[in-house]
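The block underneath contains the structure these notes are about, expressed in structure tokens.
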Amino acid sequence: MQDVIVIGGSYAGMAAALQLARARRKVLVIDAGQRRNRFASHSHGFLGQDGAEPNRIWAEARRQLEAYPTVDWVEGTASGITGRRDDFRVTLDNGEALSGRRILLATGVADQLPDIPGISERWGQTVFHCPYCHGYELDQGRIGVIATGPMSLHQAQLLPEWGEVTFLMNDALTLDPDQRDDLRRRGVTIEETPIAKITGTAEVKLQDGRTLSFAGLFTATRTEPSGPLAEATGCTLVETPMGSQILTGDTKETSIPGIFACGDVARAPHSVSLAVGDGAWAGAQLHRSLVWPEG
């Protein structure tokens, strides 16, 4: 019987597990190996690791975590959760069943990219979602913002801090006169012609035959929890401007007693730094729930 089973071995899950390990609690981490930033060559904006390769950050974090004798690590995918607080069972896709007093969902999210040929191949390389993570490296070059919905306006308003911006509407939303005036005051070019495909490094071919070249592209993806586990278990989901996420309270506990959630799957906006902070808080709150179970 584990004190806590952490489902998700990325930044938030490991940050939570570290707090519990340092309280000498028995922790099992289940990792499916699908980190959200696995497509990026470098991670930026994470204090002490700025510019490091995501794989190196993750591998070193795992090495440090597994140095604690109360931590176990399982590579696999959790397919089901049954039971109740103090007596949960997690089933893996290979049929193995594991027992724990508490569950932490740190499964991360999946990004839904716009349906544009060529965009998925460049995701994390020259197509991004977070300017704080990737804007500086574009060296104030030309930036294209591909509209997907209302959040795209926010991106187009913010990104002139990092370069000359073209807002590629792509028939995704309609701007009112005040919004258009605001963008023009910020120096943003509004391009109405739909996108045909993305080629080269970050070249956008429009349906009228023109090609626009950029240093990088940004788009506001819609996110959903990675896999159906949270919803199938009965955890309440909530809609945010960025997509759906698991509903949690201040202690990171979900709508099901004894099941907690942290990281991108349980908060917005998203970054490695924010995921680590959220995971550390969740780990402390999980420990408190074990110390004061009546609370």
Number of positions in the stretch 33-53 that are surrounded by fewer than 17 Cβ atoms within 10 Å (Cβ to Cβ) and more than 24 Å from residue 113 (Cα to Cα) = 5
Taking the options 62, 56, name whichever one is over 22 Å from residue 133 (Cα atoms) and charged (D, E, K, R).
-> 62
Confirm whether residue 279 is assigned by TED's automatic domain parsing to the domain that holds residue 87 and crowded, with 17+ Cβ neighbours inside 10 Å.
-> yes
Looking at (1) of a type outside the set (Ser, Thr, Tyr); (2) farther than 20 Å from residue 263 by Cα; (3) assigned by TED's automatic domain parsing to the domain that holds residue 271, which is the one condition that is false for residue 64?
-> (2)
On the given criteria, is residue 35 farther than 22 Å from residue 253 by Cα and in contact with a Pro (Cβ under 9 Å, 6 or more places away or on another chain)?
-> yes
For the stretch 222-255 the number of residues that are of a type outside the set (S, T, N, Q) and touching a Lys or Arg at 6+ places or on another chain (Cβ under 8 Å) is 2
Would you point out which residue out of 78, 59 is surrounded by fewer than 18 Cβ atoms within 10 Å (Cβ to Cβ), over 27 Å from residue 241 (Cα atoms) and of a type in the set (Gly, Ala, Ser)?
-> 59
Quick one: would you say residue 209 is on the phi > 0 side of the Ramachandran plot, assigned by TED's automatic domain parsing to the domain that holds residue 134 and over 18 Å from the mean Cα position of the chain (by Cα)?
-> yes
Checked the stretch 132-162 for anything under 12 Å from residue 216 (Cβ atoms), touching an Asp or Glu at 6+ places or on another chain (Cβ under 9 Å) and surrounded by fewer than 20 Cβ atoms within 10 Å (Cβ to Cβ); matches are 140, 141, 142
Kindly indicate which of 196, 215, 202 is modelled with pLDDT of 95 or more, under 17 Å from residue 121 (Cβ atoms) and in contact with a helix residue (DSSP H, G or I) (Cβ under 8 Å, 6 or more places away or on another chain).
-> 202
Scan (1) farther than 30 Å from residue 107 by Cα; (2) assigned to a strand (DSSP E or B) for the single condition residue 170 breaks and write down its number.
-> (2)
In the set 212, 229, 237, 206, which member is of a type in the set (A, V, I, L, M, F, W, C), surrounded by fewer than 20 Cβ atoms within 10 Å (Cβ to Cβ) and farther than 18 Å from residue 172 by Cβ?
-> 237
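Please list, ordered by residue number, the strands (runs of 3 or more DSSP E) wholly in the stretch 181-295 having 2 or more residues that are in contact (Cβ under 8 Å) with a residue 60 or more places away in the chain and under 30 Å from residue 2 (Cα atoms).
222-225, 243-246, 259-261
The values are calculated or read from the model by the stated rules, or taken from the named source; none is laboratory data. Just so it is clear, the model here is predicted, and its values are computed rather than measured. Counting neighbours? That spans all protein chains shown, and the Cβs are built from the backbone with ideal geometry, glycine included.
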